[in-house]
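The values are calculated or read from the model by the stated rules, or taken from the named source; none is laboratory data. Computed from a predicted model, the values in this text were never measured in an experiment. Reconstructed Cβ throughout: ideal geometry from the backbone, glycine too, with neighbour counts over all protein chains shown.
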Amino acid sequence: MPAPGQAEDKGMRNKRITSASARRLRIGLATAVSALAVCVLPAAALGATQTDTTQFAVTAGGLTFSSAPNVPDDLTSVALNGQAQTTNTQMTNYAIADATGSGSGWNLTVAGDGPSGSAVFKQYCPTGGGCGADPQGYVSGGLTLPANSLTLSSTGAGFTAQNGTTGTAPTHQCGSGCFVDAASPVKVASAATSAGMGTWQANTYGASSLSLATPSTLKALSNGEKYRVNLLWTLNSGP
């Protein structure tokens, strides 16, 4: 600072200006750092975090009938007229549950079941007290029809998903007719690989979906006896 009345040295004046500018710069930087400290908080100030996982296991179930196939216990009766005849009955609904989780597909077959009784339609007494001289059951040496007398047609039939089931439906295999009382298993429905998983109901069979062919030589039975056949429905893995 020059003495009163003396002119200030130019160098001193510049130094004082530089010093004031430096102070202002320091103050500005301090203010900016303080503001940044307010905006950018430490991670701890945002709350704690923790990664997490969860998982589940799957236990396979089976391939089963949710409701088993059941040809009506009584087919349409035959009234003899001296001719070969075909009488029709409607096939009942059934349902298949594939809970295997394999996606391997499945197939359903049917055949005459000799070990359970008779693989073909045969003379049968349904009465506990017997039918005349014949005891209850298949009549020894009784009258029969040939194999392949009963045909199943799946024309117009479909499969409906049940219990929240999704995915590809199975398909019927008897559009051209399948013999139900055949000597060997006949495939009536199947699910391709990755199809038919879950529960599916076979339904909408036509009124004439079951056709019984009888010859003109069919003999009438007495004492309440009927022609009866045992059938075996089998679910198999794979289409």
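Taking first residues from region 179-190 that are free of Cβ contacts under 8 Å to residues at least 12 places away in the same chain and partners that are surrounded by fewer than 20 Cβ atoms within 10 Å (Cβ to Cβ) and outside any loop (DSSP other than H, G, I, E, B), no Cβ contact under 8 Å between residues at least 6 apart in sequence or on separate chains turns up.
Would you point out which residue out of VAL58, VAL78 is loosely packed, with under 15 Cβ neighbours inside 10 Å, part of a loop (DSSP other than H, G, I, E, B) and outside the structural domain of ASP181 (by TED's automatic domain parsing)?
Values: VAL78 fails: outside the structural domain of ASP181 (by TED's automatic domain parsing).
Of VAL58, VAL78, the one residue that is loosely packed, with under 15 Cβ neighbours inside 10 Å, part of a loop (DSSP other than H, G, I, E, B) and outside the structural domain of ASP181 (by TED's automatic domain parsing) is VAL58.
Restricted to region 96-122, and to residues there that are among the hydrophobic types (A, V, I, L, M, F, W, C) and part of a loop (DSSP other than H, G, I, E, B), the residue that is nearest to GLY158 (Cα to Cα) is ALA99.
In region 45-76, the residue that is farthest from GLN90 (Cα to Cα) out of those that are free of Cβ contacts under 8 Å to residues at least 12 places away in the same chain and among the aliphatic types (A, V, I, L, M) is ALA45.
Tallying residues that are within 27 Å of ALA192 (Cα to Cα) and surrounded by fewer than 18 Cβ atoms within 10 Å (Cβ to Cβ) within region 202-234 yields 5.
Going residue by residue through region 100-123, is there one that turns out to be surrounded by 10 or more Cβ atoms within 10 Å (Cβ to Cβ), among the acidic types (Asp, Glu) and modelled with pLDDT of 95 or more? If you could, list the steps in order and put the result at the bottom.
Let us first name the residues in region 100-123 that are surrounded by 10 or more Cβ atoms within 10 Å (Cβ to Cβ), namely 100-114, 116-123.
Adding the requirement that they be among the acidic types (Asp, Glu) leaves 113.
From the residues that got through so far, the ones that are modelled with pLDDT of 95 or more too are 113.
Among the residues of region 100-123, at least one is surrounded by 10 or more Cβ atoms within 10 Å (Cβ to Cβ), among the acidic types (Asp, Glu) and modelled with pLDDT of 95 or more, which makes the answer yes.
For LEU212, the conditions (1) out of contact with any Leu (no Cβ under 7 Å at 6 or more places or on another chain); (2) touching a residue at least 12 places away in the same chain (Cβ under 8 Å); (3) under 17 Å from LYS226 (Cβ atoms) all hold with the exception of (1).
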